[in-house]
Amino acid sequence: AQTVTQSQPEMSVQEAETVTLSCTYDTSESDYYLFWYKQPPSRQMILVIRQEAYKQQNATENRFSVNFQKAAKSFSLKISDSQLGDAAMYFCAYRSKENTDKLIFGTGTRLQVFP
Amino acid sequence: DGGITQSPKYLFRKEGQNVTLSCEQNLNHDAMYWYRQDPGQGLRLIYYSQIVNDFQKGDIAEGYSVSREKKESFPLTVTSAQKNPTAFYLCASRFSNTEAFFGQGTRLTVV
C-alpha cells in the first residue's frame, strides 16, 4: 500500500523569505500523481501544485515550486517570497494512476509566517 | 457557479443516533470521496466512488455507509457503530485525470 509521510509537524518563516516543506512517499508504482494542498483556517482545501511522476521537469506555480526526486521518493514544496497569507496547513498527497480513485494524504505541516 | 456543497456546516449527534452528511456537486465529476480529518492525522479516506451505484471502502470505513444513486450526490451516513465520530468531514470530487476539488466540510460533534 502507498504511504505519504510529512516529517515536519510545524515550520515557520519570516515574511519575504523562502521555506521548504518536506514530503516522502512509498510506492511500488512507476506512474502516479503528487499534489500539495493548502488548508487555511477556513479549512477549505486548495490545490497548490501538482506533479506527474513521468514528467522529469519540476512543477512551478508562481512562488510555489517542487523538488521532485523520483528515485528518492521525495516531493518537497518550496515557497519563495513568503507572504502572511501563506500561513496554513499544507498537505502532500499521492494518487495512483493504476488505482486512479484513491487519493492518499500525509499528516500535514503547519506553516507560520512572521512579519 | 459550479462547485461542491457540503451540508450542514455543523452537526450534532446524540450517542446511538445515525446521522447523514450531504455532499452535492454540479461539476459533472465522476469520482467522489469522503475523508475524515482529526488533529495531527491528516485526511483519512472513508469511502470513494468512481461511478453511480458503485463505491469502495477506504482505510477507515467501519461505522460509516454511503450511497451513490446519482452522479451529483454522495451522502455519508455515520452510524451508531462508529465509536468516535467527532471529527471534521471533507467531501471531494474529481473528473478524469484532474485534481480533486473539495467542499467546505462538516464539523460533526457527539453530544
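The values are calculated or read from the model by the stated rules, or taken from the named source; none is laboratory data. Small disclaimer: the values here were computed from a predicted structure and weren't measured. Counting neighbours? That spans all protein chains shown, and the Cβs are built from the backbone with ideal geometry, glycine included. These accessible areas exclude ligands, DNA and RNA; they are computed on the full protein's heavy atoms, side chains included. Shrake-Rupley method; radii C 1.70, N 1.55, O 1.52, S 1.80 Å.
Quick rundown of the values:
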| quantity | calculated |
| --- | --- |
| Stokes-Einstein D (µm²/s) once Rh is taken as the Kirkwood radius of region B:7-68 over alpha-carbon pairs, at 20 °C in 1.002 mPa s | 163 µm²/s |
| Region B:34-55-region B:81-111 distance, computed between alpha-carbon centres (Å) | 7 Å |
| Alpha-carbon centroids, region B:1-23 and region A:1-80: separation in whole Å | 30 Å |
| Cα-centred dipole magnitude for the protein assembly as shown, charges only on beta-carbon of K, R (+1) and D, E (-1), debye, nearest 20 | 360 debye |
| Cα gyration tensor of chain A - equivalent ellipsoid semi-axes, whole Å, descending | 24, 14, 12 |
| Average projected area [Cα convex hull, the protein assembly as shown], square nanometres | 12.6 nm² |
| Listed peptides A:33-45, A:63-75 by packing density, highest first (mean Cβ within 10 Å) | A:33-45, A:63-75 |
| Only Lys, Arg (+1) and Asp, Glu (-1) charged, at Cβ; chain A dipole about Cα centre in debye | 140 debye |
| Computed over region B:59-111, Cα set: Rg, Dmax in Å | 12.8, 40 |
| Probe 1.4 Å, all protein chains present, accessible-area order of B:T109, A:T109, A:T60, A:T20, largest first | A:T60, A:T20, B:T109, A:T109 |
| Percent of alpha-carbon pairs separated by more than 14 Å within region A:66-115 | 64 percent |
| Region A:2-115, relative contact order in percent, only Cα pairs under 8 angstrom and at least six apart counted | 37 percent |
| For region B:46-87: rounded, prolate or oblate by the Cα gyration tensor [a/c cutoff 1.5] | prolate |
| Number of partner chain Cβ atoms within 10 Å, mean per residue of A:39-47 | 4 |
| Residue-level accessible surface for B:E72, protein heavy atoms, 1.4 Å, Å² | 80 Å² |
| Dipole magnitude of region A:55-115, debye to nearest 20 (Cβ charges: Lys/Arg +1, Asp/Glu -1, about Cα centre) | 240 debye |
| Zone of A:E98's modelled label, taken as backbone nitrogen in region A:28-47 under 14 Å from a point 7 Å along Cα→Cβ | A:28-33 |
| Length-normalised contact order for region B:24-111 - Cα pairs under 8 Å, 6+ apart - percent | 29 percent |
| Largest-first principal axis extents, alpha carbons of chain B, Å | 38, 26, 25 |
| Theoretical FRET efficiency, 1/(1+(r/R0)^6), r = Cβ-Cβ of B:S7 and A:A72, R0 30 Å, to 0.05 | 0.10 |
